[in-house]
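What follows is a short report on a single structure.
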Amino acid sequence: MNIIVTGGAGFIGSNFVYYMLKNHPDYRIICLDALTYAGNLHTLEEAMKNPNFRFVKGDIADRECVYKLFEEEKPDIVVNFAAESHVDRSIENPEIFLKTNIIGTQVMMDACRKYGIKRYHQVSTDEVYGDLPLDRPDLMFTEETPLHTSSPYSASKASADLLVMAYHRTYGLPVTISRCSNNYGPYHFPEKLIPLVITRALEDKTIPVYGTGANVRDWLYVEDHCRAIDLIIHKGREGEIYNIGGHNERTNLQVVKTVLHELNKPESLITFVTDRPGHDRRYAINPEKIEKELGWNPTYNFEQGIKVTVKWYLEHRPWWEKIISGEYQNYYKSMYSNR
Ligand code: NAD
Ligand code: TDX
């Protein structure tokens, strides 16, 4: 089995590369990644030693490059992780989100149509459903919840999902889509809440919490997400959407306090800053479909997952210190000063 994994030098994609190399040692995994600010070749150093792994630098929106790769590799399955993924950056500069997340998806699917494919899998997000009110804990997103996006990022992901379903209905492309809740774990870029808190707390720096910290996210340890995608590409039904989530809802303030506690750092580091424009209040996934149909269940609860994650960041200081010493400094300044 030949699998093209796009965005495999990023957070979830790299975890998926390692998951697949370990659990399917006979598969060939080809990573296509443009190495944007979020892509990191150091992350793939171990994978590079495996003869069943190939890394190709390229843009999913570059038709010539994608078609050439399909001609060379004749993939059986494509798993499309590649995306611009940070909501705050999409608020500052939406354009690249539309190009990568929508046009990139279209180019990947055109290649699948041209060269043939057993399965095209689109890695989507729970953010396509918009948000839920804070005072209705009974409500959760199902696969039937209407798309109702808030940020340029989520609008671009929802647009891609619509295109994927259109390619299924119009051209019969064998597709699946997964919509997962917030992930955390190793190799998570420190612009996102959990790695940002860990890396800043370790340097005794302030922790910026948007608004009052009451917004709720539904957290899933990244390996559980990878296992769900593995199940979907092998056993999921064509043309179907699967929600992925593990019932681990926490307010942002709870998340920050849990991480600080795990690191033995004081809560006085917390600083409340101006809220994100259009900030989604609550995400909550109903994962019944994937549980019943594919027998998926998460193996980590939030407290276990956070322990493992904090330990990873403590043991991999060079990985994140290199990131935060570079261009990241400018990013942090422009995003957080005067906030
Ligand atoms: P990430 O930002 O850490 O990684 C994205 C990767 O894609 C990087 O390696 C980057 O270099 C690559 N990339 C960006 N533009 C590209 C292009 N034009 N061509 C080729 N490669 C390109 O993102 P992530 O957090 O790992 O998210 C991966 C996917 O999962 C995304 O599609 C995202 O929407 C989705 N998702 C993320 C979460 C989450 O909590 N992080 C939750 C649900 C869904
Ligand atoms: O400095 C911060 N302070 C803060 O309070 C940051 C970076 C975030 N937050 C809040 C905003 C959110 O309510 O924490 C919550 C989590 O923020 P992010 O880590 O930016 O994630 P989120 O916006 O929820 O989106 C994530 O989950 C869904 C991923 O980035 C998306 O790619 C995925 O689709």
Fill in: Members of the range 151-169 found to be within 13 Å of ligand 1 (Cβ to nearest atom) and not hydroxyl-bearing (Ser, Thr, Tyr), listed by number
Pro152, Ala155, Lys157, Ala158, Ala160, Asp161, Val164
Worksheet item: Pairs under 7 Å by beta carbon, first residue in contact (Cβ under 8 Å) with a residue 60 or more places away in the chain in the range 160-189, partner assigned to a loop (DSSP other than H, G, I, E, B) and hydrophobic (A, V, I, L, M, F, W, C), six or more apart or different chains?
Response: Pro174/Ile117; Phe189/Ala38
Item to complete: Being under 23 Å from Pro174 (Cα atoms) and within 16 Å of ligand 2 (Cβ to nearest atom) is the filter; apply it to the range 144-162 and report the residue that is nearest to the chain's Cα centre (by Cα).
Response: Lys157
Worksheet, complete the sentence: Given the conditions (1) near ligand 1 (Cβ under 10 Å from one of its atoms); (2) in contact (Cβ under 8 Å) with a residue 40 or more places away in the chain; (3) under 16 Å from the mean Cα position of the chain (by Cα), every one holds for Tyr19 apart from (1)
Worksheet item: Of the residues Tyr115, Tyr184, which is modelled with pLDDT of 95 or more, of a type in the set (Phe, Trp, Tyr) and surrounded by fewer than 21 Cβ atoms within 10 Å (Cβ to Cβ)?
Response: Tyr115
Item to complete: Search the range 251-278 for residues being within 16 Å of ligand 1 (Cβ to nearest atom) and not hydrophobic (A, V, I, L, M, F, W, C), and hand back the single one that is surrounded by the most Cβ atoms within 10 Å (Cβ to Cβ).
Response: Asn252
Worksheet entry | Candidates Tyr19, Tyr37 - the one that is over 15 Å from Asn80 (Cα atoms) and away from ligand 2 (no atom under 16 Å from the Cβ) | Tyr19
Worksheet item: Residue check: is Ser178 of a type in the set (Gly, Ala, Ser) and crowded, with 23+ Cβ neighbours inside 10 Å?
Response: yes
Response to the item:
Requiring at least 3 residues that are over 26 Å from Ser14 (Cα atoms) and of a type in the set (A, V, I, L, M, F, W, C), the strands (runs of 3 or more DSSP E) wholly within the range 221-313 are 270-273
Worksheet entry | Pairs where the first residue, in the range 250-278, is more than 21 Å from Gln304 (Cα to Cα) and aromatic (Phe, Trp, Tyr) and the second is exposed (fewer than 13 other Cβ atoms within 10 Å of the Cβ) and at pLDDT 95 or above, C-beta under 8 Å, 6+ apart | Phe272/Thr212
Worksheet entry | Candidate set from the range 322-333 (those that are more than 15 Å from His188 (Cβ to Cβ) and under 22 Å from the mean Cα position of the chain (by Cα)); member that is surrounded by the fewest Cβ atoms within 10 Å (Cβ to Cβ) | Glu327
Item to complete: Take Glu71 and decide whether it is more than 21 Å from the chain's Cα centre (by Cα) and either modelled with pLDDT of 95 or more or among the hydrophobic types (A, V, I, L, M, F, W, C) (or both).
Response: yes
Item to complete: Please go through the range 170-198 and pick out each residue that is within 14 Å of ligand 1 (Cβ to nearest atom), more than 23 Å from Ala228 (Cα to Cα) and touching a helix residue (DSSP H, G or I) at 6+ places or on another chain (Cβ under 6 Å).
Response: Pro190
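The values are calculated or read from the model by the stated rules, or taken from the named source; none is laboratory data. Because the structure is a prediction, the values reported are computed rather than measured. Cβ: placed from backbone, ideal geometry, glycine included. Neighbour counts: every protein chain shown.
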